[in-house]
1. What's the total number of residues in segment 39-54 that are farther than 21 Å from Glu8 by Cβ and open to solvent by 40 Å² or more (accessible area, probe 1.4 Å)?
2. Counting only residues that are farther than 17 Å from Asp60 by Cβ, surrounded by 10 or more Cβ atoms within 10 Å (Cβ to Cβ) and among the basic types (Lys, Arg), how many does segment 12-38 have?
3. Name the residue, out of Leu71, Leu57, that is touching an Asp or Glu at 6+ places or on another chain (Cβ under 6 Å) and within 12 Å of Leu11 (Cα to Cα).
4. Starting from segment 63-74, take each residue that is in contact (Cβ under 8 Å) with a residue 40 or more places away in the chain and of a type outside the set (D, E, K, R) and list its partners that are open to solvent by 70 Å² or more (accessible area, probe 1.4 Å) and assigned to a helix (DSSP H, G or I), counting only C-beta distances under 9 angstrom and pairs at least six apart or across chains.
5. When segment 61-74 is examined, which residues are found to be loosely packed, with under 12 Cβ neighbours inside 10 Å and under 15 Å from Leu17 (Cα atoms)?
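The values are calculated or read from the model by the stated rules, or taken from the named source; none is laboratory data. Since the model is a prediction, treat every value here as computed from it, not as a measurement. We place every Cβ from the backbone using ideal geometry, glycine too, and count neighbours over all the protein chains shown. Just the protein is used for accessible areas: all its heavy atoms, side chains included, with ligands, DNA and RNA removed. Shrake-Rupley method; radii C 1.70, N 1.55, O 1.52, S 1.80 Å.
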Amino acid sequence: QATPADSETELAAALKLAHRRRIGPFRRAPADPDTARRELGVLARAGFPREVASRALGMDTDAAEELVNRLRQA
């Protein structure tokens with residue numbers, strides 16, 4: 001069973017990939033349903049569970065950056 005810290009770390013890893021690929025909270029334009037499905041596929045192919053991928057893609061940019069930075073400093 002995953003601990004909260006582990007799930008937070010996994011979410012941060014998904015966000016790092018999203019940042020590199022400019023998807024989810026780091027995309028510049030609004031996503032249509034096809035774009036959102038493709039972005040979910042990117043994270044799924046990278047091995048992230050659907051729940052983690054959906055959470056990462058649904059975050060706002062400020063919250064996503066704050067989580068990644070907080071865990072980077074730990």
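1. Going through segment 39-54, the residues farther than 21 Å from Glu8 by Cβ turn out to be 41, 45.
Next, only the ones that are open to solvent by 40 Å² or more (accessible area, probe 1.4 Å) stay: 45.
Final tally of qualifying residues: 1.
2. Number of matching residues: 3.
3. Being touching an Asp or Glu at 6+ places or on another chain (Cβ under 6 Å) and within 12 Å of Leu11 (Cα to Cα) holds for just one of Leu71, Leu57, which is Leu57.
4. Partner pairs satisfying both residue conditions: Ala64/His19; Val68/Lys16; Val68/His19; Leu71/Thr9.
5. Asn69, Arg72
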